[in-house]
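This report refers to the structure that appears directly beneath it.
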Amino acid sequence: MQFRAPKGTTDILSDIATKWQYLERKATELFKAYGYKPIITPIFENTEVFQRGIGSSTDIVQKEMYTFEDKGGRSLTLRPEGTAPVIRAYIERNMNQLPQPVKLYYMGPMFRYERPQAGRYRQFWQMGVEAIGSDDPAIDAESILLLMNYFKAVGLKELILYINSMGCESDRPKYIQVLREYAGENRKRLCRDCQKRIELNPLRLFDCKDESCLVVMGDAPKLIDYLDEGCRRHFGTVKHYLEMQGMTYIIKPELVRGLDYYTKTTFEIVSPLLGAQNAIGGGGRYDRLVEEFGGPPTPGMGFALGTERLAIAIEEEGVSIPTEDKNDVFIAVADDVVKPAAINLLYALRSRSVGTDVDYMGRSLKAQLRAASRRGFRYTVFLGSQELEIGIVAIRDMESGEQQEVKLSELVQYFSGIMERV
Ligand code: AMP
């Protein structure tokens, strides 16, 4: 029997994992430059955290959660997203006592029982930020600018930024009533799920991908036309801050996103080069979420991006990413007699952060050279009994083929000098 990875999951093999590490490192640099600090929350939470946080009538909670009972009879869920756990931690760890806003970032796997397709998986990776405690529209703009600037920093050029405002509690009920009426009039043209949504949670009508529902919802009244004065002003200021930084955007009134917690600003960034799953990141403001979790009224704003989709977009745009492999020096060993000396040299070089390796497969000298070249080593050092005896070794530059002799006693210094310069 041959085992296979579970449906919707994949192994991130070394070449891709190395690129991901680069993407994560760049994200960390930029997130920190914008004042965000890391947080690591558990991969599973009490199921209620997501039911409450994301909303029990959303697709995620209704259909997509990996929920299980543990041996103690507790209902637990593998996290489908990162915001609800961060908010749970903010309240549980009394982060409202810290200077506000509390700005946090996270990176890690998320789990959703979705139908797998290109760019959509059951285990996928997200990087995200949350700024909790401020309702300043400058924070909304900061979140959007951070995500756009990150994508640009890793080399993406073809991006579309969609923004919308979903208003707040004061303008929602008025709008929901209008939307219900409209959807009710068009009930027959909506799919069965959407017919249920009319009563249950009419905003979710905008999530449906059914052709006929899309047509109906395309003509539906839009929340953005029902904003009260405060929300309109907030959105205007967000747009102004974006424009000040030269950021172009498209207002997309249907952008309600698949989670119930959003208020005011929402946004999504799309790569037109991707197929059906073209959203590489998105987020928005969630001013009611902390309260919903039993905390004091506290506004918040954040985003999440999908690492797999980002990597696909990078591939599609043909952006090259440094591999960051540390294949500096290969020590080719002529025979077993010199192996102990080679091993000593190996650790001496590694201790100076020179990426060094030897052959562990008993290869001939010729085969060792071939393997070193395939693995992309920059230099090969030849070590045989004669070299040991006279204390001088030959170093080959694997790219140019040039050879040079260096004293064995100066080798470590020689390579650590080169590596410091690059
Ligand atoms: P969301 O939490 O739904 O707003 O998703 C944020 C980002 O995560 C999306 O823009 C995608 O890039 C990524 N994402 C969401 N769901 C999946 C999935 N099933 N597979 C891969 N990436 C996903």
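The values are calculated or read from the model by the stated rules, or taken from the named source; none is laboratory data. For clarity, every value in this text was computed on a predicted model and none was experimentally measured. For neighbour counting, all protein chains shown are included, and Cβ atoms are generated from backbone atoms with ideal geometry for every residue, glycine included. Note: accessible area is taken over every heavy atom of the protein model, side chains too, but ligands, DNA and RNA are not part of it. Shrake-Rupley method; radii C 1.70, N 1.55, O 1.52, S 1.80 Å.
Each of the peptides 377-383, 184-190 was scored by the mean count of other Cβ atoms within 10 Å over its residues; in descending order, highest first, they stand as 377-383, 184-190. Set against the 2.2 N^0.38 Å expectation for a compact globular protein, region 286-340 has a Cα radius of gyration ratio of 2.54. When +1 charges are put on Lys and Arg Cβ atoms and -1 charges on Asp and Glu Cβ atoms, the dipole computed for region 287-358 relative to its Cα centre reaches about 420 debye.
Relative to the Cα centre, the charge distribution of the chain, modelled as +1 at Lys and Arg Cβ and -1 at Asp and Glu Cβ, gives a dipole magnitude of about 700 debye. When peptides 222-229, 282-289 are sorted by average Cβ neighbour count within 10 Å, with the highest value leading, the order is 282-289, 222-229. Rounded to the nearest 20 debye, the dipole magnitude of region 306-422 is 260 debye, with +1 charges on Lys and Arg beta carbons, -1 on Asp and Glu beta carbons, and the Cα centre as origin. For Lys174, the lysines whose Cα falls under 16 Å of its own Cα, not counting residues fewer than eight places away in the same chain, are Lys222, Lys264.
Projecting the Cα atoms of Val61, Thr323, Leu13 onto the charge dipole of the chain (Cβ charges, centred on the Cα centre) puts Val61 farthest toward the positive pole. Rg then Dmax, both in Å and based on the Cα atoms of region 329-421: 12.0, 34. Simple spin-label estimate for Arg93 and Gln62 gives 3.4 nm between the two label positions (7 Å along the Cα-to-Cβ direction from each Cα). Projecting the Cα atoms of Ala371, Gln386, Ala342 onto the charge dipole of region 276-422, computed from C-beta unit charges around the Cα centre, puts Gln386 farthest toward the positive end.
Cross-link partners for Lys37 among the aspartates and glutamates, with Cα-Cα distance under 12 Å and sequence neighbours closer than 8 places in the same chain left out: Glu29, Glu130.
Only helices at least 27 Å long along their axis, Cα-based, and averaging -0.5 or more on Kyte-Doolittle count here, so list those DSSP H runs from the chain. Going by DSSP H runs, there are no hits. Across the accessible surface of region 329-421, with the other protein chains kept in place and a 1.4 Å probe, carbon and sulfur atoms take up 47 percent.
For the chain, the solvent-accessible area of protein heavy atoms averages 51 Å² per residue (probe radius 1.4 Å; ligands and nucleic acids excluded).
Within the accessible surface of region 57-165, defined with a 1.4 Å probe on protein heavy atoms only, the carbon and sulfur portion equals 47 percent. With a Förster radius of 25 Å applied to the C-beta separation of Glu169 and Lys209, the computed FRET efficiency comes to 0.30.
Taking the square roots of five times each eigenvalue of the Cα gyration tensor of the chain, the equivalent ellipsoid has semi-axes of 53, 23, 21 Å, listed largest first. Projecting the Cα atoms of Val256, Gly236, Val216 onto the charge dipole of region 167-300, computed from C-beta unit charges around the Cα centre, puts Val216 farthest toward the positive end.
When a 1.4 Å probe is rolled over the protein heavy atoms, the share of accessible surface on region 179-222 that falls to carbon and sulfur comes to 49 percent.
Here the peptides 130-142, 325-337, 151-163 are ranked by packing, the mean other Cβ count within 10 Å, and the order with the highest first is 130-142, 325-337, 151-163.
For the chain, what does -39500 (n - 2.57) per DSSP helix run (n ≥ 4), summed and divided by total residues, give at 222 nm, in deg cm²/dmol to the nearest 500? The per-residue figure over the chain is -11000 deg cm²/dmol. Multiplying the residue separation of Gln123 and Leu13 by 0.36 nm and removing their Cα-Cα distance gives an extension gain of 38.1 nm.
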